[in-house]
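Everything below concerns the one structure shown next.
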Amino acid sequence: MTDPQLRSVISERRQLINLAYRLLGSLAEAEDVVQETYARWYALSEPQRRDVAAPGAWLTTVASRICLDLLGSARARRERYVGEWIPEPVPDRSEWLGGPAPADPADRVTLDESIGMAFLVVLDSMTPAERVAFVLHDVFRYSFAEVGDIVGRTPAACRQLASSARRRIRTSRGPSGTQRAEVVRDFKRAWETGDIEALIGLLDPQATATADSGGLAPAFIRPINGGEQIARAWIEIAARAPEVTLLERTVNGQPGLVAQLADTIVSVYAFDIADGRITRIWAIRNPEKLRPWTAG
């Protein structure tokens, strides 16, 4: 089978992965969506494909609709999930296990502020329609008319959806990357040395820590609330696994930590920081979500 549009079609793959990851919060599911999108493209007859004036737009529409369907069924899937669900973390390609990242799959996700863990967690609190409308319009700059064609709603309805979603996004910008890195580095040092007072000082009194194991790794099931409670829990974690090595790494485009045991990444930690203190910690322990960190 020949496809005169092959080059332009394949060139859309990176864009589709970026879109699907932001819509679903899972790199594995994003890859499945893109595979299904291409399968539908090649299920068309050759005359049907030739009649598609803009293959990229066609692929984006199909991928978005697949994501919308998946988001609609996510609630039922989450109810069966063991413990808390956190979006799948992705590494910076330049830090992939200390060397160049393989082409598949992580380098297909462009790291910017719309990929930060805090941003993805807020996206996950939206309705499927809000999330799709917001991501397509505010992140990927599609017009509301184009968004309406994709989600099957009027442009006015999509404008309202995106506006509702936008209100959920925190408007104030966080600290710079350098400031974030300093706080995370101080947290790592205090954790390694067992300095509980330093940990408490680095944590906001109202901080929250959430772990995601999917029932496949040891982790606390319910979120831990309060800076002092989190500090004590992290001291206990260190005492239980003294052989673990902590490494500073970029997690979803921002300074984070990974825990390595015998050359295997066993945890990825993402942070939200405000006014020089950590307000949220996300600990991803589910080995299925750590695949991008251990592949290759």
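The values are calculated or read from the model by the stated rules, or taken from the named source; none is laboratory data. Everything numeric in this text was worked out from a predicted model, so none of it was measured. So basically every Cβ, Gly included, is an ideal-geometry build from the backbone, and we count neighbours across all protein chains shown. Surface areas here come from the heavy atoms of the whole protein model, side chains and all, with no ligands, DNA or RNA. Shrake-Rupley method; radii C 1.70, N 1.55, O 1.52, S 1.80 Å.
In the condition set (1) assigned to a loop (DSSP other than H, G, I, E, B); (2) crowded, with 17+ Cβ neighbours inside 10 Å; (3) not basic (Lys, Arg), Thr60 is compliant with all but (1). When Arg280, Arg185, Arg291 are screened for being open to solvent by 60 Å² or more (accessible area, probe 1.4 Å) and at pLDDT below 95, only Arg291 passes. List every residue pair whose Cβ atoms sit under 9 Å apart, with the two residues 6 or more apart in sequence or on different chains, where the first one lies in region 66-93 and is farther than 21 Å from Pro292 by Cα and the second, anywhere, is open to solvent by less than 20 Å² (accessible area, probe 1.4 Å) and basic (Lys, Arg). Every condition considered, the pairs that remain are Leu68/Arg131; Leu71/Arg131. Sub-8 Å Cβ pairs linking a first residue in region 232-257 that is within 15 Å of Phe187 (Cα to Cα) and in contact (Cβ under 8 Å) with a residue 12 or more places away in the chain to a second residue that is among the hydroxyl-bearing types (Ser, Thr, Tyr) and buried (at least 21 other Cβ atoms within 10 Å of the Cβ), at least 6 apart or interchain, are Gly256/Tyr269; Leu257/Tyr269, ordered by first then second residue.
For (1) at pLDDT 85 or above; (2) in a helix (DSSP H, G or I), each residue gets a yes or a no:
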position	(1), (2)
Gly56	yes, yes
Leu68	yes, yes
Arg78	no, yes
Pro100	no, no
Leu111	no, no
Met126	yes, no
Leu136	yes, yes
Ala145	yes, yes
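Checked against the criterion of being out of contact with any Phe, Trp or Tyr (no Cβ under 8 Å at 6 or more places or on another chain), under 25 Å from Tyr269 (Cβ atoms), buried (at least 16 other Cβ atoms within 10 Å of the Cβ) and modelled with pLDDT of 90 or more, the candidates Ala211, Ala217 yield just one match: Ala217.
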